[in-house]
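Following: one structure in structure tokens, then a few remarks.
Read-outs: derived from the displayed coordinates by stated rules, not from any lab. Here the structure is a predicted model, which means the values were calculated and not measured. Cβ atoms come from the backbone with ideal geometry, glycine included; neighbour counts cover every protein chain shown.
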Amino acid sequence: MLRQMLSLASLTAIFALAPLHSASANDGAPEPKPAQKAAKPKVVKKDKPAQKAAKPKVVKKDKPAQSLPSRKGIHETFTEWFTSQTEGVRYKIRNVKLVATNDVVGAFHPGAPVEVSLELLHDCPKCEDAFNQVIAGWSGEKTARICIWNGMQRSGGGTQMAITHDTDQEVLAENNPGPAEWVTIKFEIPAPSKAGVYELRTRYAQAWGGTLHTLEANNIPQTEYPPVLNWWTVDRPTGPKADATIAKIVVQP
């Protein structure tokens, strides 16, 4: 009886020390994890109402640039004869360059300045004591645009001062007592105002005066002598012919 009581007492002590645990069907299974916090609902942004499709922009295409004029008909050296080849030379022109293109052809806007460089030899014994000029301008125009050389028989020899007989105007001139010399000429004229292809041409004149555009003379103030420009159509009603062309330009907006 005592053993039974001790056994009961021992069992009672063991059960008293053991943690309470009720039997269930999940005995032996891992304990469940604590429930996670519910995720905040995502705020779905509503799409903005589609805007009306913009009208496509009309892109204006640039006008295709005109091609440069042909060099055909431009001689490396242009010669103005006294009256014919058998009568000898008045003047020669060579090494013509449009400064903007370093060529004998170029493209310019209407009225834009066209700077020209060339070499000139005036050698006209038959001109005797006449004042002589070389004038330049555009094909199709009624007057020259500029007088580029003024002097007596032969170019070179330095810049001198002369007086016009009709207006007593002081003008610069060359009067080389020795053999004629090639001189460098540099001048500027405006391009024509209308679009098109134009030829730069020259011819002789024998007015009472004109302007001189050698490198030396360009450093000295000069006054234009307009009467010389009217020689453009003297004995040539439409101006110098195509064989007097020394350069060509295309004028485009």
Run the dipole for region 91-140 about the Cα centre, Lys and Arg Cβ at +1, Asp and Glu Cβ at -1, nothing else charged, and hand back the magnitude in debye, nearest 20.
140
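Can you give the relative contact order of region 147-201 as a percent, counting alpha carbon pairs under 8 Å and 6+ residues apart? Spell out each step's value before the answer.
Details: 68 pairs, mean separation 19.5, N = 55.
After rounding, I find 35 percent.
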Positive-pole candidate from Leu68, Val116, Gln85, dipole of region 59-153, charges at beta carbon:
Leu68
At a 10 angstrom cut-off on C-beta neighbours, averaged per residue, how do the peptides 143-149, 120-126 rank from highest to lowest?
143-149, 120-126
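Between beta-carbons, use under 13 Å as the cut-off and find the net charge around His213, counting Lys and Arg +1, Asp and Glu -1.
Neighbour charge sum, excluding His213 itself: -4.
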Would you mind putting 127-140, 172-185 in packing order, based on average other-beta-carbon counts within 10 Å, highest first?
127-140, 172-185
Three-way shape call for region 98-191 based on the alpha-carbon gyration tensor, with the a/c threshold at 1.5:
prolate
Mind jotting down the distance between the C-alpha centroids of region 208-253 and region 114-183, whole Å?
10
